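Structure first, then comments.
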Amino acid sequence: MNIAILSRNPNIHSTRRLWEAARGRGHQCQVIDHMNCAVLTEADRPRLMYRGEELPRFDAVIPRIGASVTSYGTSVVRQFEMMNVFTTVPSQAIVRSRDKLRSIQVMSKAGIGMPKTAFAREHVEVKDLIEYVGGPPVVIKLCEGTQGLGVVLAETTKAARSVIEAFHAIKTNILIQEFIEEAKGRDIRAFVVGGKVVAAMERQGPEGDFRSNLHRGGSAKQVWLDPQERETAVRAARSLGLSVAGVDMLPSDRGPLVMEVNSSPGLEGIERASRVDIADRIIQFIERNHTKGKRDKVGV
Ligand code: ADP
């Protein structure tokens, strides 16, 4: 096969691992910077130009689109779809997963466990929203935050009100969420490939921080998921139309609660913690599926 990895930098760990895995399994593989692609359209002839030349035909693309360039990056993925190239994650599913509120709405309809969450503009009484999610402490999140930035724990109604009003004043969309105290700064990242959990890790935030993101100084170790956690992760990825996904869950007294599903999950931390060759699993998934012409069927 001829595989393209859409990534801004061939030296990023995850990109390099995917390239090595593709080459190791005997495929041709090229890293393409989606920000240097031009989308060319005319009737029945979708094409892509890359650094002045028309891109050749690929059998599959692996999008690794950063959150800061979702719109441009997904327009390039969409163009590959128009050219009938198989993609590990559909453009529409990437867009869907980048918006925390939208993902939560889709997952809640699919009956997936999640922390109680409220979203509203400034005219709605803040006190009512805080009460709806169970009263203080509450977690306040930017709808499009990543890596734990823009996630705040407000201990009291007064503190929550100030934070919510500040975000509303600068016209920023936020979610107000029930604080899952029993998680104690831990969360679970399950890596799903082709409808199966292939690896999982438990992340623990640094002392005194309720956020477990590795970018915020958290640590990771391998963990074995129970059947309910596995099923939740697989269903969450499926509900958003993602065949390759990192599903973040909080362990709670009422079972696993999904916080978010990542469409470009990093490989470094989880491959190290789990000792699973996830890059190889992704290439195997492409080998099995690239001729099937899978479509994104979620539609929201
Ligand atoms: P980001 O997308 O920025 O990583 P998350 O929603 O994943 O934001 O939150 C970052 C971290 O904060 C999570 O990994 C988790 O450890 C903690 N966290 C988030 N929401 C809650 C919550 N409702 N209750 C308890 N901890 C939470």
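No value in this document is a laboratory result; all are computed from the given coordinates. None of the values given here were measured: they were computed from a predicted structure. No Cβ is skipped: glycine too gets one built from the backbone with ideal geometry, and neighbour counts run over all protein chains shown.
Distances between placed amide hydrogens fall under 5 Å for ASN173 paired with CYS143, all partners being 5 or more residues away or on another chain.
For the chain, the spread of Cα coordinates along the three principal axes comes to 58, 42, 32 Å, biggest extent given first. Between the listed residues ALA21, GLY218, MET83, the Cα displaced farthest toward the positive end of the dipole of the chain, a dipole computed from Cβ unit charges relative to the Cα centre, is found at MET83.
Tell me, Kirkwood radius of region 201-300 from alpha-carbon pair distances, in Å? Result for region 201-300, one decimal place: 15.1 Å. The alpha carbon convex hull volume per residue for region 114-203 rounds to 115 Å³. Taking Cα atoms only, the orientation of helix 157-169 departs from the longest principal axis of the chain by about 40 degrees. In this Cβ point-charge picture (+1 for Lys and Arg, -1 for Asp and Glu), region 17-154 has a dipole of about 320 debye about its Cα centre. Helix 278-289 and the long axis of the chain differ in direction by around 60°, with both axes built from C-alpha atoms. Relative to the Cα centre, the charge distribution of the chain, modelled as +1 at Lys and Arg Cβ and -1 at Asp and Glu Cβ, gives a dipole magnitude of about 620 debye. Compared with the dominant Cα axis of the chain, that is its longest principal axis, helix 227-239 is turned about 60°. As a ratio to 2.2 N^0.38 Å, the alpha-carbon radius of gyration for region 65-172 is 1.30. Restricting attention to the chain, lysine pairs at least eight places apart or on different chains and with alpha-carbon atoms under 17 angstrom apart total 13.
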